[in-house]
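Engineer: Sending over a structure as structure tokens; questions will come in a sec.
The values are calculated or read from the model by the stated rules, or taken from the named source; none is laboratory data. What you are looking at is a predicted structure, and each value in this text was computed from that prediction instead of being measured. Heads up, the Cβs are rebuilt from the backbone with ideal geometry, glycines too, and the neighbour counts pull from every protein chain shown.
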Amino acid sequence: MSRIRQQLDVELSLRDLFEARDLAAFAQAAGAGQGNDAPRFIKADRNQPLGLSYAQQRQWFLWQLDPESTAYTIPAALRLSGSLDIAALEHSFSALIARHETLRTTFRQQGEQAVQIIHAPRALTLTVESVPAGQTLEACVEQEMQRPFDLEQGPLLRVRLLNLAADEHVLILTQHHIVSDGWSMPIMVDELVRLYEGYSQGREVLLAELDMQYADYALWQRSWMDAGEQARQLAYWKQQLGDQQPILELPADHPRPVVQSHFGARLALELAPALIVDLKQVARQQGVTLFMLLLASFQTLLHRHSGQPDIRVGVPIANRTRAETEGLIGFFVNTQVLRAEFDLHTTFSELLQQVKHTALQAQAHQELPFEQLVEALQPQRSLSHSPLFQVMFNHQSQASAEVRALPGLQVEALVSESYPAQFDLTLNTAEQNGGLSAALTYATALFERSTIERMAGHWLALLQAICANAGQRIADVPMLDAAEQQQIVREWNATAAQFPSELCLHSLIEAQVLATPNAPALIFADEQLSYTQLNARANQLAHRLREAGVGPDVLVGICVERSLELVIGLLAIIKAGGAYVPLDPDYPEDRLAYMMQDSGIGLLLTQTSLLERLPVQVQSMCLDQDGDWLEGYSTANLVNLSHPQNLAYVIYTSGSTGKPK
């Protein structure tokens with residue numbers, strides 16, 4: 001799209017591309033498109049203070065907050081086997097640093113403004129080092145990758161060369177995110193390889209001239225936003241995200257730390273080739289990209305695990321919408337917040353269309369810096385989590401930088417075991433050679449590996465279910481494997497336990513009175529009864545009920561608000577040998593009247609405040625009446641008249657769809 005904008009000087013959106021049925025329709029859309037009204041790039045005056053881009057401004061703020069953090073380090077380590085021309089490698093890095101101003105830039109605070117300082121090109125000298133005695137290669141590489149950057153002093157590209165043998169070296173590259181991003185890495189690798197190929201063979205290397213540098217982009221970005229583009233795009237995002245910014249609370253193994261630690265780990269996932277084929281087919285059938293399908297599946301997983309209906313996921317985008325930026329090394333990447341809303345009836349197909357619409361609209365409003373969105377929405381800020389979203393989805397539709405063979409060298413990328421977690425959870429997916437790789441990076445301060453493994457299994461099961469039937473309700477999509485189903489449905493529900501089946505409930509309570517007489521048996525608000533107190537008061541009331549004719553299988557109504565008296569009344573009815581009929585005081589009068597008449601109760605336990613609301617006149621006892629109205633009745637246990645086969649209670653349905661049953 002950036003090339004079309006440059007060549008035709010016309011503004012088109014990704015939606016135009018999606019909606020065009022064929023090339024002719026797209027050409028027609030291009031002909032009808034609006035002119036490109038963005039300002040032209042101009043060279044920033046290097047003699048004037050050079051401001052930061054909005055993304056750099058946030059990185060500067062985060063670094064000032066925690067200068068020792070390595071959460072925004074971009075590391076790479078390469079094993080070089082063969083005859084290495086160190087002079088050619090030095091020459092290559094020197095040329096690369098001279099070509100890209102970001103690789104020789106530092107930052108400082110100048111009054112109230114942060115500025116970038118572009119230093120003059122200098123030749124890079126590599127010191128060939130050995131792995132320190134007593135330290136493994138892996139530990140040495142990890143130590144370098146965990147070394148913090150000083151954004152004021154630099155350099156922000158560090159190059160170290162370790163000598164393992166005469167024909168074996170390890171090259172360690174680390175950059176700070178403030179001068180680079182994921183798109184920049186293939187540029188750096190490609191240019192470094194081309195430079196080394198030439199210099200190692202004694203040739204000069206001519207790379208295509210760069211029309212602009214990152215400092216020029218930073219000036220252009222601020223000019224364009226200030227000219228009205230910020231207001232236009234911000235209006236969309238405010239409408240899209242609304243006033244409430246919910247925090248996604250996934251079930252975690254540990255409480256959220258007061259300050260985010262950024263310590264993380266990574267779990268690689270294996271997708272079967274047949275599943276990948278099916279996913280691509282579903283995407284074609286539904287008219288969406290694989291990115292949209294995977295995002296919708298991830299949002300579904302988060303919804304099912306959290307139970308929250310409003311799921312927001314951060315999605316990084318290259319943000320190189322101008323052709324002039326495509327060959328630059330710099331921090332262009334922006335972050336969008338993509339929202340999905342769920343209800344009980346949402347099908348996955350419906351969610352896909354919702355996600356498609358959201359993604360295309362977001363693409364048309366992608367230049368608004370995330371930092372400005374945060375400032376405008378003013379979410380509740382906390383050092384314990386990132387603002388606006390806590391989970392990220394990062395999809396690469398083309399392979400990331402692969403190191404090409406170098407003259408006389410075999411090159412192998414060393415995999416780091418260090419995975420900083422900038423967010424609670426990040427799903428990374430990448431399309432490569434017709435396949436699809438995936439990995440989950442997670443905050444170890446929140447999650448155990450077993451939890452993430454279980455979540456990964458749920459996601460893979462969810463993908464299988466989607467491929468089988470994309471039209472099913474999201475609430476019905478199966479995610480559990482056979483072992484989890486066995487555990488949840490059968491093992492956790494295997495609650496059968498041995499108990500004295502020849503005894504009634506009140507006899508078991510009386511046994512507990514003997515075992516723990518002073519232990520709390522009942523707590524309501526600021527009131528409390530011990531087992532002895534509860535048993536004594538229930539016994540007094542039970543003696544009174546026996547006197548009123550209550551015995552085995554005699555129904556006694558009880559209409560009492562939640563209170564100590566409610567439990568005392570229920571226990572007393574059972575002790576007397578009767579069966580209780582609960583009547584909800586909040587039910588309509590006609591429903592209560594029907595239940596009382598239908599059950600044929602001759603005695604009702606209630607409260608003074610409820611008497612006037614009860615529709616049928618039967619003999620009533622108010623459990624909250626003034627004075628000790630049960631004085632004189634024994635607190636001793638009653639002679640038991642009941643057996644387990646006697647009636648214990650009669651409970652009616654609510655009657656919300658008809659008469660209570």
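Engineer: Can you tell me which residue in segment 580-631 is surrounded by the fewest Cβ atoms within 10 Å (Cβ to Cβ), limited to those that are closer than 21 Å to R546 by Cβ and among the aromatic types (F, W, Y)?
Structural biologist: W629
Engineer: Here is a follow-up. Of all residues being polar (S, T, N, Q) and part of a loop (DSSP other than H, G, I, E, B) in segment 177-212, which is surrounded by the fewest Cβ atoms within 10 Å (Cβ to Cβ)? Just the residue, please.
Structural biologist: In the first step, residues of segment 177-212 are kept if they are polar (S, T, N, Q); the result is 180, 184, 200-201.
From what's left, part of a loop (DSSP other than H, G, I, E, B): 180, 201.
Details: S180: 24, Q201: 12.
Step by step, filter segment 177-212, then rank; the result is Q201.
Engineer: Among helices (runs of 4 or more DSSP H) lying entirely in segment 42-147, which contain 1 or more residues that are touching a Pro at 6+ places or on another chain (Cβ under 8 Å), at pLDDT below 95 and aliphatic (A, V, I, L, M)?
Structural biologist: 54-65, 137-145
Engineer: Right, M455: part of a helix (DSSP H, G or I), surrounded by 14 or more Cβ atoms within 10 Å (Cβ to Cβ), in the same structural domain as Q281 (by TED's automatic domain parsing) and touching a helix residue (DSSP H, G or I) at 6+ places or on another chain (Cβ under 7 Å) or not? Even if it seems obvious, please write down each step before you answer.
Structural biologist: On the way: part of a helix (DSSP H, G or I): yes; surrounded by 14 or more Cβ atoms within 10 Å (Cβ to Cβ): yes; in the same structural domain as Q281 (by TED's automatic domain parsing): yes; touching a helix residue (DSSP H, G or I) at 6+ places or on another chain (Cβ under 7 Å): yes.
Yes: the conditions hold for M455.
Engineer: Quick check: anything in segment 533-547 in the same structural domain as Y580 (by TED's automatic domain parsing), part of a strand (DSSP E or B), surrounded by 10 or more Cβ atoms within 10 Å (Cβ to Cβ) and in contact with a strand residue (DSSP E or B) (Cβ under 9 Å, 6 or more places away or on another chain)? Break it down into steps so the answer makes sense when it comes.
Structural biologist: First, the residues of segment 533-547 that are in the same structural domain as Y580 (by TED's automatic domain parsing): 533-547.
Next, only the ones that are part of a strand (DSSP E or B) stay: none.
Among the residues of segment 533-547, not one is in the same structural domain as Y580 (by TED's automatic domain parsing), part of a strand (DSSP E or B), surrounded by 10 or more Cβ atoms within 10 Å (Cβ to Cβ) and in contact with a strand residue (DSSP E or B) (Cβ under 9 Å, 6 or more places away or on another chain), which makes the answer no.
Engineer: Based on this model, can you work out whether T174 counts as in contact (Cβ under 8 Å) with a residue 40 or more places away in the chain, assigned to a strand (DSSP E or B), of a type in the set (S, T, Y) and not assigned by TED's automatic domain parsing to the domain that holds S397?
Structural biologist: Judged against the criteria, T174 is a match.
Engineer: Select from segment 324-348 the residues that are among the hydrophobic types (A, V, I, L, M, F, W, C) and under 13 Å from W220 (Cβ atoms) and list them in ascending order.
Structural biologist: If we filter segment 324-348 for residues that are among the hydrophobic types (A, V, I, L, M, F, W, C), which is where we start, we get 328-329, 331-333, 337-338, 340, 342, 344, 348.
L328, F332 - these are the residues of segment 324-348 that are among the hydrophobic types (A, V, I, L, M, F, W, C) and under 13 Å from W220 (Cβ atoms).
Engineer: L409 - would you say it is surrounded by 15 or more Cβ atoms within 10 Å (Cβ to Cβ) and under 24 Å from T346 (Cα atoms)? Steps first, please.
Structural biologist: Working: surrounded by 15 or more Cβ atoms within 10 Å (Cβ to Cβ): yes; under 24 Å from T346 (Cα atoms): no.
When the stated conditions are applied, L409 does not pass them.
Engineer: Considering segment 258-309 alone, what residues qualify as being crowded, with 17+ Cβ neighbours inside 10 Å, in contact with a Ser or Thr (Cβ under 7 Å, 6 or more places away or on another chain) and not in a helix (DSSP H, G or I)?
Structural biologist: Passing the criteria: Q260, H262, G264, A265, R266.
For every residue, the table says whether it meets (1) under 28 Å from G471 (Cα atoms); (2) of a type in the set (F, W, Y); (3) loosely packed, with under 15 Cβ neighbours inside 10 Å; (4) in contact (Cβ under 8 Å) with a residue 24 or more places away in the chain.
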position: F348; (1), (2), (3), (4): yes, yes, no, yes
position: L352; (1), (2), (3), (4): yes, no, no, yes
position: T358; (1), (2), (3), (4): yes, no, no, yes
position: H365; (1), (2), (3), (4): no, no, no, yes
position: L368; (1), (2), (3), (4): no, no, no, yes
position: Q378; (1), (2), (3), (4): no, no, yes, no
position: S386; (1), (2), (3), (4): no, no, no, yes
position: H395; (1), (2), (3), (4): yes, no, no, yes
position: A413; (1), (2), (3), (4): no, no, yes, yes
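Residues checked against (1) in contact with a Lys or Arg (Cβ under 6 Å, 6 or more places away or on another chain); (2) farther than 30 Å from L96 by Cα; (3) of a type in the set (D, E); (4) modelled with pLDDT under 95:
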| residue | (1), (2), (3), (4) |
| --- | --- |
| V277 | no, yes, no, no |
| A283 | no, yes, no, no |
| S297 | no, yes, no, no |
| D310 | no, yes, yes, no |
| T325 | no, no, no, yes |
| K356 | no, yes, no, no |
| Q366 | no, no, no, yes |
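Engineer: Hey, any hits in segment 639-655 for a residue that's aliphatic (A, V, I, L, M) and at pLDDT below 90?
Structural biologist: Checked segment 639-655: no residue is aliphatic (A, V, I, L, M) and at pLDDT below 90.
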